[in-house]
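Peer 1: Let me give you the structure first, and then I'll get to my questions.
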């Protein structure tokens, strides 16, 4: 019996020493296969793409987009606007985008008084409102956007006339400075097509329900047709208005109002590009975009008058 117990104990100690001496294998983890910038998860239930250039799943949306106003001062930058006054029936003057007078200097005064009126001062304005559809194209990682809407633009040019004099109260001649302000108020039918490229963000397709949040780069073309165009030409006394007025008693005189000048180019082409942020959760979509519009042709047929627009717009829509 003693020898049997001794044999069993020795056998147990041998097995214990062999198991302790055996080195366990630790599974290797390939850290290089993990990217902190982007990753994808695909299954029958969930598909996810995140990081740089995420792939957005299939969806279609219809959205209301637009902007009321621009950025960077008035957001309108005129090119080649040194236009001969012959176009506006004012030979001898040169019209351009700049004037040394402010908007306050152009406020109309009450007849034969230094009190200001409540009349609105004509200023440059810009606004758009249109419907667009967005179609995702997952195979190429882009979205197609097509829109149709209305654009309202009021562009202005100025010319200063310092060639006149008037007889002041001291019976001597004083210089009369007049500012000529041309306002072109137009309503345009706007057609838009562009491509949108997600550059950074995430997209999640959970059981066929699409959600995303990403920054995007977009670019495309606008084709506008002028539906209505009204020209307003005012002459404003800038120096000498305390002593002399126009026959109406005001410092502002409307010289002409015209619809559809012969020089107006009714078809306008422009290139659009910009950066935006888009968000979608289920059937709801909205976003914000900063954009720039570069004209491809002039406002006038035989004179160069191009206007660049820089602004911000928002959009809201639903899937369909």
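Table: residues versus (1) closer than 26 Å to residue 217 by Cα; (2) more than 23 Å from the chain's Cα centre (by Cα).
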residue	(1), (2)
85	no, yes
95	no, yes
123	no, no
137	yes, yes
148	yes, no
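Peer 1: Being out of contact with any helix residue (DSSP H, G or I) (no Cβ under 8 Å at 6 or more places or on another chain) and at positive phi is the requirement here; does residue 171 meet it?
Peer 2: In short, yes.
Peer 1: Of the conditions (1) free of Cβ contacts under 8 Å to residues at least 24 places away in the same chain; (2) not in a strand (DSSP E or B), residue 162 clears all except one; give me its number.
Peer 2: Result: residue 162 passes all but (2).
Peer 1: Can you name every residue in region 196-212 that is under 20 Å from residue 320 (Cβ atoms) and modelled with pLDDT of 95 or more?
Peer 2: Correct list: 196 only.
Peer 1: Output the residues belonging to region 76-120 that are surrounded by 13 or more Cβ atoms within 10 Å (Cβ to Cβ) and in a loop (DSSP other than H, G, I, E, B).
Peer 2: Within region 76-120, 81, 82, 90, 93, 97, 99, 101, 107, 108, 110, 111, 117 qualify.
Peer 1: Report whether or not residue 285 is within 26 Å of residue 190 (Cβ to Cβ), touching a residue at least 12 places away in the same chain (Cβ under 8 Å) and touching a helix residue (DSSP H, G or I) at 6+ places or on another chain (Cβ under 9 Å).
Peer 2: Working: within 26 Å of residue 190 (Cβ to Cβ): yes; touching a residue at least 12 places away in the same chain (Cβ under 8 Å): yes; touching a helix residue (DSSP H, G or I) at 6+ places or on another chain (Cβ under 9 Å): no.
Taking the combined requirement at face value, the residue does not satisfy it.
Peer 1: Considering region 237-247 alone, what residues qualify as being at pLDDT below 90 and farther than 13 Å from residue 178 by Cα?
Peer 2: Residues satisfying the conditions are 242, 243.
Peer 1: For residue 186, which of the numbered conditions (1) at pLDDT 95 or above; (2) under 19 Å from residue 315 (Cα atoms); (3) surrounded by 19 or more Cβ atoms within 10 Å (Cβ to Cβ) fails to hold?
Peer 2: (2)
Peer 1: Can you say whether residue 136 is touching a residue at least 12 places away in the same chain (Cβ under 8 Å) and surrounded by 13 or more Cβ atoms within 10 Å (Cβ to Cβ), as far as the supplied structure shows?
Peer 2: On the way: touching a residue at least 12 places away in the same chain (Cβ under 8 Å): yes; surrounded by 13 or more Cβ atoms within 10 Å (Cβ to Cβ): yes.
Against the criterion (touching a residue at least 12 places away in the same chain (Cβ under 8 Å) and surrounded by 13 or more Cβ atoms within 10 Å (Cβ to Cβ)), residue 136 qualifies.
Peer 1: Next up: If we only count strands (runs of 3 or more DSSP E) wholly inside region 236-320, which ones have 3 or more residues that are under 23 Å from the mean Cα position of the chain (by Cα)?
Peer 2: 267-281, 284-295, 306-319
Peer 1: Within the bounds of region 167-187, is there any residue that is free of Cβ contacts under 8 Å to residues at least 40 places away in the same chain and touching a strand residue (DSSP E or B) at 6+ places or on another chain (Cβ under 6 Å)?
Peer 2: yes
Peer 1: Let me ask another. Could you check, for region 221-233, whether at least one of its residues is closer than 27 Å to residue 154 by Cα, without any contact (Cβ under 8 Å) to a residue 12 or more places away in the chain and over 20 Å from the mean Cα position of the chain (by Cα)?
Peer 2: No, that holds for no residue.
The values are calculated or read from the model by the stated rules, or taken from the named source; none is laboratory data. This structure is a prediction, so every number in the text was calculated from the model and none was measured. With ideal geometry, Cβ positions are generated from the backbone for all residues, glycine too; neighbour counts draw on all protein chains shown.
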